[in-house]
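Trainee: This is the structure I have questions about; it appears just below.
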Amino acid sequence: MTFNLIRVEVADHVAWLTLNDADSYNALTKGMQQEMMDALESLKERDDVGALIITGSGQAFCSGADLKWLTKESESGPCVNLEALQMLDQLANPLVLTLQELPMPVVAAVNGAAAGAGFSLALAADIVLAGRSAFFTSPFLPRLGLIPDMGASWMLPAMLGRARTLGLILLGERLTAEKAAEWGLIWACVDDSDLIKDADRIASRLAAAPAHIATEARRALAAAGRQSLDAQLSYEYQRQRDLAGRPSFSEGVKAFLEKRPPDFGRR
């Protein structure tokens, strides 16, 4: 499969999806979103891929939506291009859902700016690493009068709470990588020079784990967010009954008793 706006590489059971339009700071144009969807649909069918890393080329992770694409000129000045805005429902939202439904864990390696929809894209990953010079910003409300989209208004309160979320989206200020890690929004802030190496190390660990870990983790947390403790305890019990009957559990126990790393193989 050939791409113009992204790069896709697979090595040692880890796939790298790199946003590759550095001149636009990797803006999420229609073309880029379509290429990303095509790549994800292809990757989720591959038995040799156990983890996915998303990062950006150049000086930014992703600058968000391309405002030139989302607007058109009218007699009164720039106005929304409704046809382009429909892509939020037709491409951007399905992109987030696809990332959350991939069978493999997703790691975001955030270099530079993750702004607007780029912020949302990073949040859609399972584990987020950010270089020390990276930052996150949601300028929708103070700059454009629009609400955060691509799931950010759902994800941010769950991660940060109401007070910090409101501050971020009302003020639109930059949240540094160090502060994001301090607040628990991301897994870690690392030196810029270590970002790619650390992302690859984490993805390699994830790829060596049982193939169903991402799906089970996401579903367990989603269930916990919508039901009582009693119901969640029942959910945990039912999942343990199923998972304990799988070969991965048997291999894990054998490896523990034999004092060796488990070998779960690839799907």
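Trainee: Quick one: helix 162-171 against the long Cα principal axis of the chain, what's the angle to the nearest 10°, folded into 0 to 90?
Mentor: 30 degrees
Trainee: Could I ask something else about it? Based on Cβ point charges of +1 for Lys and Arg and -1 for Asp and Glu, what charge dipole magnitude is obtained for the chain about its Cα centre, in debye rounded to the nearest 20? Numbers along the way, then the final one.
Mentor: Numbers: 26 positive and 33 negative charges, 151 e Å.
For the chain, the charge dipole is close to 720 debye.
Trainee: What number of lysine-lysine pairs in the chain show an alpha-carbon separation below 30 angstrom, given a sequence spacing of 8 or more or placement on distinct chains? Please report the intermediate quantities before stating the final value.
Mentor: Numbers: Lys30/Lys44; Lys30/Lys68; Lys30/Lys72; Lys44/Lys197; Lys44/Lys254; Lys179/Lys197; Lys197/Lys259.
Here the count comes out as 7.
Trainee: Now a separate question. Please give the contour-minus-distance gain from Asn93 to Ala220: 0.36 nm per residue of separation, less the Cα-Cα distance, rounded to one decimal in nm.
Mentor: Using 0.36 nm per residue and subtracting the Cα-Cα distance, I get 43.5 nm.
Trainee: Which value in nm describes the separation of the simple spin-label points at Met1 and Leu85, placed 7 Å from the Cα toward the beta carbon?
Mentor: Once both label points are built, they end up 3.0 nm from each other.
Trainee: Follow-up. Against the longest alpha carbon principal axis of the chain, how many degrees, from 0 to 90 and to the nearest 10, is the axis of helix 229-243 turned?
Mentor: Computed tilt is about 60 degrees.
Trainee: Determine the gain in length on full extension of the stretch Phe249-His212; use 0.36 nm per residue of separation and subtract their C-alpha separation, reporting nm with one decimal. Before the final figure, lay out each step's value.
Mentor: Values: separation 37, 0.36 × 37 = 13.32 nm, distance 1.16 nm.
This chain segment gains 12.2 nm when fully extended.
Trainee: Of the DSSP beta bridges with both residues in the stretch 6-207, give the percent that are antiparallel, rounding to the nearest 5.
Mentor: Numbers: 12 of 34 bridges.
Bridges in the stretch 6-207 are about 35 percent antiparallel.
Trainee: Once the Cα atoms of helix 30-43 and of the chain are each reduced to a long axis, what angle between those two axes, in degrees from 0 to 90 to the nearest 10, is obtained?
Mentor: Tilt of helix 30-43: around 10 degrees.
Trainee: Taking 8 Å as the Cα distance limit and 6 or more residues as the minimum spacing, I'd like the relative contact order of the chain as a percentage. Spell out each step's value before the answer.
Mentor: On the way: 463 pairs, mean separation 46.7, N = 267.
RCO, the chain: 17 percent.
Trainee: Run the numbers for Lys68 and Asp12: contour at 0.36 nm per residue of separation, minus the present Cα-Cα distance, in nm. Intermediate values should be presented prior to the final figure.
Mentor: Values: separation 56, 0.36 × 56 = 20.16 nm, distance 3.90 nm.
That pair, Lys68 and Asp12, stretches by 16.3 nm at full extension.
Trainee: Kindly write out, for the stretch 137-149 in residue order, the coupling ³J(HN,Hα) from the Karplus curve 6.51 cos²θ - 1.76 cosθ + 1.60 (θ = phi - 60°), rounded to whole Hz, with x marking Gly and Pro.
Mentor: Result, ordered by residue: 8, 10, x, 3, 5, x, 9, 10, x, 10, 7, x, 10 Hz.
Trainee: Let me ask you something else. What residues qualify as long-range amide H neighbours of Ala51, i.e. H under 5 Å apart, gap of 5 or more or another chain, H built at 1.01 Å from N?
Mentor: Ala15
Trainee: Go through the stretch 18-67 and name the trypsin sites (Lys or Arg not before Pro) that are in a DSSP coil and have 16 or fewer other Cβ atoms within 10 Å of their Cβ.
Mentor: Taking the stretch 18-67 and a limit of 16 other Cβ atoms within 10 Å, the loop trypsin sites (Lys or Arg not before Pro) found are Lys44, Arg46.
Trainee: Does the chain come out rounded, prolate or oblate, given a ≥ b ≥ c as the square roots of the eigenvalues of its C-alpha gyration tensor, rounded meaning a/c under 1.5 and, failing that, prolate meaning a/b above b/c? Walk me through the numbers before you get to the answer.
Mentor: On the way: a/c = 1.85, a/b = 1.57, b/c = 1.17.
Prolate shape, in that a/c is at least 1.5 and a/b is the bigger ratio.
Values quoted throughout were computed directly from the atomic coordinates according to the rules given, and no laboratory measurement underlies them. Quantities reported herein were computed from a predicted structural model and do not represent experimental measurements. Cβ atoms come from the backbone with ideal geometry, glycine included; neighbour counts cover every protein chain shown.
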